[in-house]
Each structure stands twice: as C-alpha cells, then as structure tokens.
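Comments concern the structure below.
The values are calculated or read from the model by the stated rules, or taken from the named source; none is laboratory data. All values derive from a computational prediction rather than experimental measurement. Methodologically, a virtual Cβ is constructed for each residue, glycine included, from the backbone with ideal geometry; neighbour enumeration extends over all protein chains shown.
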Amino acid sequence: MSAAAFLEAREFLFTHRTDYDTAYRDFRWPVLDRFNWALDYFDRMAYGNNRPALWIVNEGADEAKISFAEMAERSSRVANYLRGLGVKRGDRILLMLGNVVPLWEVMLAAMKLGAVTIPASTLLTRDDLIDRFGRGRARHVITSPEHTAKFAEIPGDYTRICIGPAADWRDYAEAAEAPARFAPDGETQATDPLLLYFTSGTTSRPKLVLHSHQSYPVGLLSAMYWLGLQPGDIHLNISSPGWAKHAWSCVFTPWIAEACVFILNQPRFNAKNLLDALQRCKLTTFCAPPTVWRMIVQEDFAAYKMALREVVGAGEPLNPEIIEQVRAAWGLTIRDGYGQTETTLQIANFPGQAVKPGAMGKVAPGYRVRLLDPDGAEQEEAEICLALDPPPLGLMMGYQGDDGAVVPVSGDAYHTGDVATRDADGYFTYVGRADDVFKASDYRISPFELESALIEHIAVAEAAVVPSPDPMRLAVPKAFVALAGNHAATRETALEIFRHCRATLAPFKRVRRLEFAELPKTISGKIRRVELRAEEARRRAAGTRVAAEFWEEDFPELR
C-alpha cells in the first residue's frame, strides 16, 4: 500500500505540473508504513524498462548508458555481494566515489539491504575522513584506487572495497558474479535510517544529518515538482557526489519521474564544452549553481540550439541579471529553488508560475513556511521556519550527536538559519544567513543584495560582503572580491567598482571598503563568510590593512 500511496502523490503532481495553486492547496504527503524505495518502487518501475536511467559522458573519452532494467539487476548483484562481505541492516557505508556507475549501484544496493550510506566527497582530507569515521560510525568503505591511500592511517576493522585493483582492498568487480535476484532479510520501515550527511560547515563544524527511507526518496517529490521533470526527460544537475544536492537531483528526483540522469565528467570545468554536450545530447532539463551560470553567460551561449524545456539554479540565490541574460538568449527563465541538507525543496519558482525578478518563489507543496523573529513572532522579514504540526515528510529524522544518539526536531517550528522577506503575493526573497546579516549605521544589511550588485560589474567574478568594524557607523559593508578574466587588482579597478556601487546601491547600502582576494570556501564550494568576518574584525582591532585593500575614503575623486 505504501508504494501505491507514493505513486498516487507523484501522479497528482504530474497532473498539476503547471497549476501551482491547486498543487499547493490539495497536495498531501503519502502516509507510509513499510517502504523501501529501491525495492518497492525502483525495481518494479525498472522491470523490463529499457529506457536509459543513467547516461555518463566522460569528456574526451568513453560514454556509458545504463537502462532502468540493467540498473535494477546490477544493484541487486551489488546488494548480494555486500551482504556476503558482512554488510547488515543498519550498518554504515562510507561511499567516496566520483560520478562513476558504481556510485548509483551502491546507493540502490545499500537501500535494498537497509544499510545507511554516508556520501563523502572525493575532496575530503585525512582529517575529514577521521571525523566521518568517528562520528559517523562507518563500518564499510567503498572508494576508487586514487583515494585508498587516504585511509592508510585511519584505524579500525572495517571492510575495504575498491572500484579497481588495490593492495589489501576487495575488488568491486567481484560484485558482477553475485546472484542477480535479491531477497531482503526483512521489511523496511519508512522511518528506518537511510542516509547520513555531513553539512558543508560554512559557519561551524559539520553537523550530522540523518534521513530516513521516506524523508529523501519520498520527500523529494517537492523537488521533482520544482524541476518540472517528466518521464523520458534527460536531466543534468551539476553537483559533486558527497553532497545532498547530488542525491536530490542526480539520484532520487529524476528516477522518481522516470527520467534519465545525465552526467558530464570534465577533467576541468569548461563552459563551452558543457554547452556542446547540452546541445548534442538534447538535454531537456538542467540545474546548475550560480557559479556555473555566470560562466555560461560569458560564452556565446545564445548561438546554441537547445532542446531544454526547464532550467533552474540552486545552491545559493542566482542574481537577477544572469536570469535576464538567459531569458533573452534562450527564451527560458531560470527558476530558483531553496532547500537544505536537512530538508528537501521548501520554496521555489515552479513551472507555470509567474516569476518575480529576484524572488526565490513560493512555498513548495507539502510545506508550510513561517517567518519568525527570535521571540517566535511572525514577521514579514525574519528567519525561514517550517511548521511542525505535523512536520513535512521531507524533514530530516534529526541531527546525530557525537555519541551516536539522534536528536529529533522538536517544538513548534524547525529553524533554517536563513532570513527572507515575504511580499503580499506570497513570494519570498532571500536576505541571507541569519549569521551573515548585519547592521551598519543602524540599517540592516543583506550581504546577498550587495553581492548581487557587485557581480554586475564586468571585473567581478565573485564577491562576499561582511561587516567591517567602524567607530562611527558601528560597521560598514566591506567586499572581498575575486576578479574575472584579466582584470588586475589595481587602484583603477577598485575605483571602477566603487563608482559602480554608488550608481546601483542606496547610500546606506554602499560598499565602503574593498579587498581583492581569493575567497575561502567549503569543499562543496560555498563561501565561508565566517572566516572573512573574523579576519576583518581581527584586522580592524589591530589597525592593519593589506596591499590589495582599498577604502572609499582613499579616493578624493569620489567626494
């Protein structure tokens, strides 16, 4: 019955794909008891289904296409193989692979076994892995030959499996000899644990987010609706394995819609080659973070004849001027979406819905959003919170503590830590992380708004705005800027950017200090403003400046 309820909810969203008002008003999360998405949905959907489920293009090398039927059989063989090596229900498997076919096989196989997958980026360091082993309680590891050395100093009696030959590691190729028919050892409860994610840690040590067999595979119905996916689509999402967005849009969401996951593996990101692949392979839906969209618009992208029907942005809000450039060239509107590792999609611009410039959209079907101040009062600008009476299905089980215990979400609302405004039409606009918003001369400053203005300048590739302590104004906005192309970190460039800010920002929002620098980022690519903020506070306390730093007061020509 659980599988039928899941399919009924999916069909409802298909039916109302462009009718947001009906979808939001009438959608209900399916009520699930025993449910294993891989066994109860995927294998049944995949039986005899020879349409492509996964299409991997390795730039300058080979391609691989795997059908749904093949993926179901392969993952069953892997499940039997892992069971033979001692993987049991509830065991933790640390999965550190790039975009290779075994990644998808293992994700499904672990689900069939009832094991818990800990997705891990290939960029993790030795110390990162020690943290994940200790706090994540990993008992098995699956990785590729180039990463086995990272585990040499990690103690413990854990299963070592390598995608290729490696000394003292089991060869994953053995899985191909395992039986093709898989029988589970028991029933899976919808609330059983499925995935353990480490957050990207932009402001603190990564938290451990535990998801269940319903919160991601079923909760991501909201993301399917946002992406506008339909059966037979070919979907490309640019996101690295190891992060929640990869599971969102490279595993569950396309397969919920019976669409093909498309992967372009590039040795080094190249926007032109990406555009070539989008055109040649006739992709229909495309999701990319703001950084990729900014690189795309620097190419002659209007010359490409695309089969694209839906284009979206995710990770951080996309600046309105990029959206307008793509609309003018392709006739398609990039639709922003908002969610977290802890949840699925919460707020977005949906297909068929009017898009307001700069707005992140409306509340996703299945969610109820409140904007609450620190006292719990509703405001038109405040922290994004999710009503918990009842909680949305796409919300995590809770944070896992260092002792292994899971602390469930409690109270009347789940607090996201992000601030937004809401207008009279129900559209939300992102303001920033609660920790990032600051006051200057008693005005509230949204770093994102200032950063959006900065990157409109041709010399600016990326920017991060933080408060710079000031004895007169308490703080003034300071921008750390990464330059684009061949632009130099000179006084002349700084003057141009200051003039641009004066022309585009209100006086109280004006960037008054500027530094050319490489921006610190998490390994998932998010800017760590917390580091910049701390460093700026330290410098102001010490009264020091660096050579690539310019203040508005240094320029008499601006007076």
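Taking segment 113-138 on its own, how many of its residues are over 15 Å from Leu208 (Cβ atoms) and among the hydrophobic types (A, V, I, L, M, F, W, C)?
Qualifying residue count for the region: 3.
Looking at Gly361, Gly398, Gly411, Gly366, which is the one that is in contact with a helix residue (DSSP H, G or I) (Cβ under 6 Å, 6 or more places away or on another chain) and of a type outside the set (D, E, K, R)?
Working: Gly361 fails: in contact with a helix residue (DSSP H, G or I) (Cβ under 6 Å, 6 or more places away or on another chain); Gly398 fails: in contact with a helix residue (DSSP H, G or I) (Cβ under 6 Å, 6 or more places away or on another chain); Gly411 fails: in contact with a helix residue (DSSP H, G or I) (Cβ under 6 Å, 6 or more places away or on another chain).
Of Gly361, Gly398, Gly411, Gly366, the one residue that is in contact with a helix residue (DSSP H, G or I) (Cβ under 6 Å, 6 or more places away or on another chain) and of a type outside the set (D, E, K, R) is Gly366.
Please go through segment 50-80 and give me each residue that is assigned to a loop (DSSP other than H, G, I, E, B) and more than 24 Å from Arg181 (Cβ to Cβ), ordered by number. Even if it seems obvious, please write down each step before you answer.
Step one: filter segment 50-80 for residues assigned to a loop (DSSP other than H, G, I, E, B), giving 50-51, 59-62.
Passing the criteria: Glu59, Gly60, Ala61, Asp62.
Tell me which residues, restricted to segment 320-339, are surrounded by fewer than 21 Cβ atoms within 10 Å (Cβ to Cβ) and in a loop (DSSP other than H, G, I, E, B).
Scanning segment 320-339 gives Gly331, Leu332, Thr333.
Is it the case that segment 189-210 has a residue that's of a type in the set (Asp, Glu), surrounded by fewer than 20 Cβ atoms within 10 Å (Cβ to Cβ) and at pLDDT below 95?
Our first condition is that a residue be of a type in the set (Asp, Glu); within segment 189-210, this holds for 192.
Filter again for surrounded by fewer than 20 Cβ atoms within 10 Å (Cβ to Cβ), leaving 192.
Filter again for at pLDDT below 95, leaving none.
For segment 189-210, residues of a type in the set (Asp, Glu), surrounded by fewer than 20 Cβ atoms within 10 Å (Cβ to Cβ) and at pLDDT below 95: absent.
Please specify each residue of segment 272-302 satisfying the condition of being among the acidic types (Asp, Glu) and in a helix (DSSP H, G or I). Full working, then the answer.
Of the residues in segment 272-302, the ones among the acidic types (Asp, Glu) are 276, 299-300.
The answer is Asp276, and nothing else.
Would you mind stating whether Asp43 is touching a helix residue (DSSP H, G or I) at 6+ places or on another chain (Cβ under 7 Å) and at pLDDT below 95?
Numbers: touching a helix residue (DSSP H, G or I) at 6+ places or on another chain (Cβ under 7 Å): yes; at pLDDT below 95: no.
No.
So, in segment 490-524, exactly how many residues are buried (at least 17 other Cβ atoms within 10 Å of the Cβ), small (Gly, Ala, Ser) and either at pLDDT below 85 or not in a helix (DSSP H, G or I) (or both)?
Counting residues in segment 490-524 that are buried (at least 17 other Cβ atoms within 10 Å of the Cβ), small (Gly, Ala, Ser) and either at pLDDT below 85 or not in a helix (DSSP H, G or I) (or both) gives 2.
Just the residues that are under 30 Å from Val355 (Cβ atoms) and surrounded by 21 or more Cβ atoms within 10 Å (Cβ to Cβ), please, taken from segment 14-47. Walk me through how you get there before you give the answer.
Taking segment 14-47 and keeping what is under 30 Å from Val355 (Cβ atoms), we get 14-30.
The answer is Tyr20, Ala23, Trp29, Pro30.
Just to be sure before I move on: is Asp435 in a loop (DSSP other than H, G, I, E, B), at negative phi and in contact with a Ser or Thr (Cβ under 7 Å, 6 or more places away or on another chain) in the structure I sent?
Working: in a loop (DSSP other than H, G, I, E, B): yes; at negative phi: yes; in contact with a Ser or Thr (Cβ under 7 Å, 6 or more places away or on another chain): yes.
Against the criterion (in a loop (DSSP other than H, G, I, E, B), at negative phi and in contact with a Ser or Thr (Cβ under 7 Å, 6 or more places away or on another chain)), Asp435 qualifies.
Of the residues that make up segment 91-101, is at least one more than 23 Å from the chain's Cα centre (by Cα) and either within 17 Å of Trp37 (Cα to Cα) or not aliphatic (A, V, I, L, M) (or both)?
Of all residues in segment 91-101, those more than 23 Å from the chain's Cα centre (by Cα) come to 91.
Filter once more, keeping what is either within 17 Å of Trp37 (Cα to Cα) or not aliphatic (A, V, I, L, M) (or both): 91.
Yes, some residue in segment 91-101 is more than 23 Å from the chain's Cα centre (by Cα) and either within 17 Å of Trp37 (Cα to Cα) or not aliphatic (A, V, I, L, M) (or both).
Among the numbered conditions (1) among the hydroxyl-bearing types (Ser, Thr, Tyr); (2) at pLDDT 95 or above; (3) more than 30 Å from Asp418 (Cβ to Cβ), tell me where Ser215 comes up short.
For Ser215, the failing item is (3).
Filter segment 118-170 for residues that are touching a strand residue (DSSP E or B) at 6+ places or on another chain (Cβ under 6 Å), over 24 Å from Gly401 (Cα atoms), in contact (Cβ under 8 Å) with a residue 24 or more places away in the chain and among the charged types (D, E, K, R) and give the result.
Matches in segment 118-170: Arg170 only.
Within segment 468-482, is there a residue that is of a type in the set (Asp, Glu), more than 18 Å from Pro320 (Cβ to Cβ) and assigned by TED's automatic domain parsing to the domain that holds Ala387? Outline the logic, then answer.
In the first step, residues of segment 468-482 are kept if they are of a type in the set (Asp, Glu); the result is 470.
Retained after the next criterion (residues that are more than 18 Å from Pro320 (Cβ to Cβ)): 470.
After this cut, where a residue has to be assigned by TED's automatic domain parsing to the domain that holds Ala387 as well, the list is none.
No; the residues of segment 468-482 include none that is of a type in the set (Asp, Glu), more than 18 Å from Pro320 (Cβ to Cβ) and assigned by TED's automatic domain parsing to the domain that holds Ala387.
Return a yes/no flag: does segment 344-363 have any residue that is part of a loop (DSSP other than H, G, I, E, B), at pLDDT 95 or above and surrounded by fewer than 16 Cβ atoms within 10 Å (Cβ to Cβ).
No; the residues of segment 344-363 include none that is part of a loop (DSSP other than H, G, I, E, B), at pLDDT 95 or above and surrounded by fewer than 16 Cβ atoms within 10 Å (Cβ to Cβ).
Condition check: modelled with pLDDT under 95, in a loop (DSSP other than H, G, I, E, B) and not β-branched (Val, Ile, Thr). Does Asp418 satisfy that? So that I can check it myself, show each step before the final result.
Working: modelled with pLDDT under 95: yes; in a loop (DSSP other than H, G, I, E, B): no; not β-branched (Val, Ile, Thr): yes.
No; evaluated as a whole, the condition is false for this residue.
Are any residues in segment 493-526 in contact (Cβ under 8 Å) with a residue 60 or more places away in the chain and either under 30 Å from Ser121 (Cα atoms) or not assigned by TED's automatic domain parsing to the domain that holds Leu483 (or both), and if so, which ones?
Thr522, Ile523, Ser524, Gly525, Lys526
Would you call Gly411 in a loop (DSSP other than H, G, I, E, B), touching a residue at least 12 places away in the same chain (Cβ under 8 Å), in the same structural domain as Pro193 (by TED's automatic domain parsing) and closer than 29 Å to Val363 by Cβ?
On the way: in a loop (DSSP other than H, G, I, E, B): yes; touching a residue at least 12 places away in the same chain (Cβ under 8 Å): yes; in the same structural domain as Pro193 (by TED's automatic domain parsing): yes; closer than 29 Å to Val363 by Cβ: yes.
Criteria met by Gly411.
Which one of these is outside any helix (DSSP H, G or I), of a type in the set (A, V, I, L, M) and not assigned by TED's automatic domain parsing to the domain that holds Arg545: Ala464, Ala424? Steps first, answer last, please.
Numbers: Ala464 fails: not assigned by TED's automatic domain parsing to the domain that holds Arg545.
The match here is Ala424.
Considering only residues that are under 17 Å from Thr416 (Cα atoms) and in contact with a Gly (Cβ under 6 Å, 6 or more places away or on another chain), which ones fall in segment 346-366? Break it down stepwise before answering.
Restricting attention to segment 346-366, the residues satisfying the condition of being under 17 Å from Thr416 (Cα atoms) are 346-348, 360-364, 366.
Listed by number, the residues that qualify are Gln346, Ile347, Ala348, Lys362.
Quick check: anything in segment 366-385 in contact with an Asp or Glu (Cβ under 6 Å, 6 or more places away or on another chain), part of a strand (DSSP E or B), in the same structural domain as Lys526 (by TED's automatic domain parsing) and not small (Gly, Ala, Ser)?
Within segment 366-385, not a single residue is in contact with an Asp or Glu (Cβ under 6 Å, 6 or more places away or on another chain), part of a strand (DSSP E or B), in the same structural domain as Lys526 (by TED's automatic domain parsing) and not small (Gly, Ala, Ser).
I'm told Trp248 meets every condition in (1) out of contact with any Ser or Thr (no Cβ under 6 Å at 6 or more places or on another chain); (2) modelled with pLDDT under 95; (3) under 25 Å from Tyr81 (Cβ atoms) except one. Can you identify the failing condition by its number?
Result: Trp248 fails condition (3) only.
I want to confirm something. Restricting to segment 112-126 and keeping residues that are touching a Leu at 6+ places or on another chain (Cβ under 9 Å) and polar (S, T, N, Q), which single residue is surrounded by the most Cβ atoms within 10 Å (Cβ to Cβ)? Steps first, please.
Residues of segment 112-126 touching a Leu at 6+ places or on another chain (Cβ under 9 Å): 112-120, 122.
The next check asks that each one be polar (S, T, N, Q); those that pass are 117, 122.
Details: Thr117: 23, Thr122: 17.
Taking the candidates together, the pick is Thr117.
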